[in-house]
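The values are calculated or read from the model by the stated rules, or taken from the named source; none is laboratory data. Since we're looking at a predicted model, the values are computed, not measured. For neighbour counting, all protein chains shown are included, and Cβ atoms are generated from backbone atoms with ideal geometry for every residue, glycine included.
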Amino acid sequence: MPEGPEKVTVPLDQSLYMLHPYNAALVSTKTKDGQNNVLTIAWIIPTSINPPLLTISIRKERFSYKAIQETGEFVVNIPTFDMAEKVIRAGRITGKEIDKFAELGLTPRKAKMVNAPKIEECVAHIECKLWKTFEAGDHNLIVGEIMAAEVVEGYFSKTWDITKFRPCQHTGKQFFTTCSLEAVEIKF
């Protein structure tokens, strides 16, 4: 059997980026004192269907991490690719020192089931209550129980209509991409 192309070693601290692209999301929180904040998260995984759970991976020192631990609530907001600059900036500045909503030109709106705000400019929102937190190295895993979900009409029906929705996908560091405008159904 002929050998394939030569493979090179990837440093372990870069190996996780080999799993990208991931859809980037803007996670919004509200502190117990009522301050809104937003954080960029790309490491999100579906965790359970019954009950509906998702998991985000977040550094313990993040301002939003403290807000989630204090209030037990957050909203995962799904941005479009044209929001990529706001998405990267939301992850590079801290809400401890500035109002990220104002700084990024984002509009907080009342969520249906939680006190954390949803972000008007995003196409979809998944409202969560903290279910459990797990320590995992330099990040913690925040498991949220989904309490409500909504999307712009016509963008999603069991799957995304990518002729309408261009996801903001993070490929690593400050790089983003989106998927093509064609989805192919694989039948087996």
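Quick notes on this structure:
- Selection from segment 22-51 of residues that are within 22 Å of Lys158 (Cα to Cα) and either of a type in the set (Ser, Thr, Tyr) or surrounded by fewer than 16 Cβ atoms within 10 Å (Cβ to Cβ) (or both): Tyr22, Ile45, Pro46, Thr47, Ser48, Ile49, Asn50, Pro51
- Of all residues assigned to segment 139-151, none qualifies as being among the β-branched types (Val, Ile, Thr), in contact (Cβ under 8 Å) with a residue 24 or more places away in the chain and assigned to a loop (DSSP other than H, G, I, E, B).
- Lone qualifier among Val152, Val114 - being farther than 14 Å from Val76 by Cβ, aliphatic (A, V, I, L, M) and modelled with pLDDT of 95 or more: Val152
- Condition met for Thr9 (surrounded by fewer than 13 Cβ atoms within 10 Å (Cβ to Cβ), more than 16 Å from Gly144 (Cβ to Cβ) and among the β-branched types (Val, Ile, Thr)): yes
- Positions within segment 98-111 being small (Gly, Ala, Ser) and either assigned to a loop (DSSP other than H, G, I, E, B) or modelled with pLDDT under 95 (or both), in sequence order: Gly105, Ala111
- Being over 21 Å from Ile44 (Cα atoms), surrounded by fewer than 20 Cβ atoms within 10 Å (Cβ to Cβ) and either in contact (Cβ under 8 Å) with a residue 12 or more places away in the chain or touching a Pro at 6+ places or on another chain (Cβ under 6 Å) (or both) is true of Thr107.
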